[in-house]
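Asker: Supplied in structure tokens, the structure appears directly below.
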Amino acid sequence: MGVVTGLFSIAGIYIGRVFGSRWQKPAQIAGGVVLIVIGVKVLLEHLGIIAF
């Protein structure tokens, strides 16, 4: 189990480095937009404008 976990960790680090250099900026922008949308949704729920 430890060997498999280690291998997956090493693979994840490698894949993260390869894709991170190319997709870092778009991923940051998408993450920021998602956080803003969640914040607006929570605000509107607490103000009673929408109900989910």
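The values are calculated or read from the model by the stated rules, or taken from the named source; none is laboratory data. Just so it is clear, the structure is predicted and the values come from calculations on it, not from any experiment. Don't worry about glycine lacking a Cβ; one is built from the backbone with ideal geometry, like all the others, and counts go over all protein chains shown.
Asker: If GLY6 passes every condition in (1) modelled with pLDDT under 95; (2) in a helix (DSSP H, G or I) but one, which one does it miss?
Answerer: Among (1) modelled with pLDDT under 95; (2) in a helix (DSSP H, G or I), the lone unmet condition for GLY6 is (1).
Asker: Let me ask you something else. Those residues that are assigned to a helix (DSSP H, G or I) and β-branched (Val, Ile, Thr), I need them from the range 9-52; list them, please.
Answerer: Within the range 9-52, ILE10, ILE13, ILE15, VAL18, ILE29, VAL33, VAL34, ILE36, VAL37, ILE38, VAL40, VAL42 qualify.
Asker: Quick check: is even one residue across the range 23-35 surrounded by 10 or more Cβ atoms within 10 Å (Cβ to Cβ), in contact with a helix residue (DSSP H, G or I) (Cβ under 9 Å, 6 or more places away or on another chain), at pLDDT below 95 and hydrophobic (A, V, I, L, M, F, W, C)?
Answerer: Checked against the condition, which is being surrounded by 10 or more Cβ atoms within 10 Å (Cβ to Cβ), in contact with a helix residue (DSSP H, G or I) (Cβ under 9 Å, 6 or more places away or on another chain), at pLDDT below 95 and hydrophobic (A, V, I, L, M, F, W, C), the range 23-35 yields at least one hit.
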